[in-house]
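S.K.: Sending over a structure as structure tokens; questions will come in a sec.
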Amino acid sequence: MTDPLFFRRLRRAAVERGVTGASGAPPAVEGRPDDFRLAPSRLIEGEALQEYSVGPAEPCPEPIAFVDGTQRYEVVGYVGTMPLVAARIAAAVRLRTAGRFRTVERADRRLLVGAAEALDTFGPCPGGVEAIELPHDEPLHPLKALEHAHRAIDSCRTALERQLGAQFRRGYDAWLVVDGVLSDSEVWADDPKAVGVSKSHATLPFEGESLLRYLTIEAGHRSSIFEPSTWRFLPAHSWGLRLWDYRDKDLFHGLVRIEMAANHCSGAVADRVSRWLMAERVPLSRPDPRWDRLLYGVATVERHLRARG
């Protein structure tokens, strides 16, 4: 079932069951829900934050895989002021060997997200659709309820990516590039061949002069290795890497934050992995607005998923 048909089906079912119909999602809740903050980190490499040239870009000479997920959601109705949100999430792992990609893991889920009362009013979900209940301890602004739904959908997609990453690791010893962080997942927190690439800078690892130095790293350079203060399962080692020149654009242009398991990272490893990631800049991921931070291997996963949506 295609995504448009899935959303039309649930929207029609909602109206037939007496739910106030709706379509789309208000712009006020679009985008990834982030909390912006400074979370100073502990330096691992050197006594002050520095930047290092990683050398010329070079493709990873070994098999390397990329895991990522996609999500799409729409409001299909309201029970009173409580929204019902339909979502389709999908994830995949694509393995590149000798320059050729193939999909080795793939899964998707269809969800109906809402407060318990709204889900009860809607009644049984159609086949293949899972009900996801949101906490509803007190009256909520409808847009706040939509934000909660968005976060729940985001969490479900992340869990699906981790599930497929774990399945992949049971059958393959290849390098695995994760679109996101490693240290908040027990699946990847101690994986010696997992590399997290975070495009988000909602949490910044330094403040003051160190933050300025971090945000003005030159293209083809990385920062000193540091330990983020935000890890959950095991400490990670991390560094900033500038993929493209930021001048005349933005301080965040082309900047990604890399994570690896702390026990498996050194300056030499960071340089080598950074050279591999620099090679993933091309072909460009345009017209995606994140092209300056979206690695080619990750982009192929997203295109694969959308082509089958």
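S.K.: Given the residues Leu164, Leu111, which is the only one that is of a type outside the set (S, T, N, Q), at pLDDT 95 or above, assigned to a helix (DSSP H, G or I) and under 16 Å from Ala91 (Cβ atoms)? Steps first, answer last, please.
M.R.: Details: Leu111 fails: assigned to a helix (DSSP H, G or I).
Answer to the check: Leu164.
S.K.: Restricting attention to segment 114-130, report how many residues are free of Cβ contacts under 8 Å to residues at least 60 places away in the same chain, surrounded by 15 or more Cβ atoms within 10 Å (Cβ to Cβ) and in a strand (DSSP E or B).
M.R.: 2
S.K.: Looking at segment 258-279, which of the residues that are touching a residue at least 60 places away in the same chain (Cβ under 8 Å) and not in a helix (DSSP H, G or I) is surrounded by the fewest Cβ atoms within 10 Å (Cβ to Cβ)?
M.R.: Per the criteria, the residue is Ala261.
S.K.: Out of all the residues in segment 170-193, which are assigned to a loop (DSSP other than H, G, I, E, B), at pLDDT 90 or above and surrounded by fewer than 18 Cβ atoms within 10 Å (Cβ to Cβ)?
M.R.: Passing the criteria: Tyr172, Asp173, Pro192.
S.K.: Same structure again: Would you check which residues across segment 194-215 are touching a Leu at 6+ places or on another chain (Cβ under 6 Å) and assigned to a loop (DSSP other than H, G, I, E, B) and list them?
M.R.: The one that is touching a Leu at 6+ places or on another chain (Cβ under 6 Å) and assigned to a loop (DSSP other than H, G, I, E, B): Glu207.
S.K.: Here's something else I'd like to know. Considering Leu215, Leu243, which residue is surrounded by fewer than 20 Cβ atoms within 10 Å (Cβ to Cβ) and closer than 23 Å to Pro56 by Cα?
M.R.: On the way: Leu243 fails: surrounded by fewer than 20 Cβ atoms within 10 Å (Cβ to Cβ).
Every option except Leu215 fails the conditions.
S.K.: Shifting gears a bit: Out of curiosity, is Glu218 assigned to a loop (DSSP other than H, G, I, E, B), farther than 22 Å from Glu45 by Cα and in contact (Cβ under 8 Å) with a residue 40 or more places away in the chain? Give the steps one after another, and end with the answer.
M.R.: Details: assigned to a loop (DSSP other than H, G, I, E, B): yes; farther than 22 Å from Glu45 by Cα: no; in contact (Cβ under 8 Å) with a residue 40 or more places away in the chain: yes.
Judged against the criteria, Glu218 is not a match.
S.K.: For the list (1) of a type in the set (A, V, I, L, M, F, W, C); (2) surrounded by fewer than 20 Cβ atoms within 10 Å (Cβ to Cβ); (3) in the same structural domain as Glu161 (by TED's automatic domain parsing), I need the number of the one condition that Val85 fails.
M.R.: That leaves (2) as the condition not met.
S.K.: To continue, here is another question. Please determine, by comparing only the residues of segment 92-103 that are of a type in the set (A, V, I, L, M) and in contact with a Lys or Arg (Cβ under 7 Å, 6 or more places away or on another chain), which one is farthest from Asp3 (Cα to Cα). Let's see the steps before the verdict.
M.R.: Taking segment 92-103 and keeping what is of a type in the set (A, V, I, L, M), we get 92-93, 95, 98.
Applying the additional criterion that residues be in contact with a Lys or Arg (Cβ under 7 Å, 6 or more places away or on another chain) yields 92, 95.
Values: Ala92: 17, Leu95: 26 Å.
Result: Leu95.
S.K.: Hey, another quick one. Kindly indicate which of Arg293, Arg286 is among the basic types (Lys, Arg), surrounded by 19 or more Cβ atoms within 10 Å (Cβ to Cβ) and either assigned to a loop (DSSP other than H, G, I, E, B) or on the phi > 0 side of the Ramachandran plot (or both).
M.R.: Values: Arg286 fails: surrounded by 19 or more Cβ atoms within 10 Å (Cβ to Cβ).
Only one candidate qualifies: Arg293.
The values are calculated or read from the model by the stated rules, or taken from the named source; none is laboratory data. Since this is a predicted model, take the numbers as computed values, not measurements. Cβ sites come from the backbone with ideal geometry, for glycine too, and all protein chains shown count toward neighbours.
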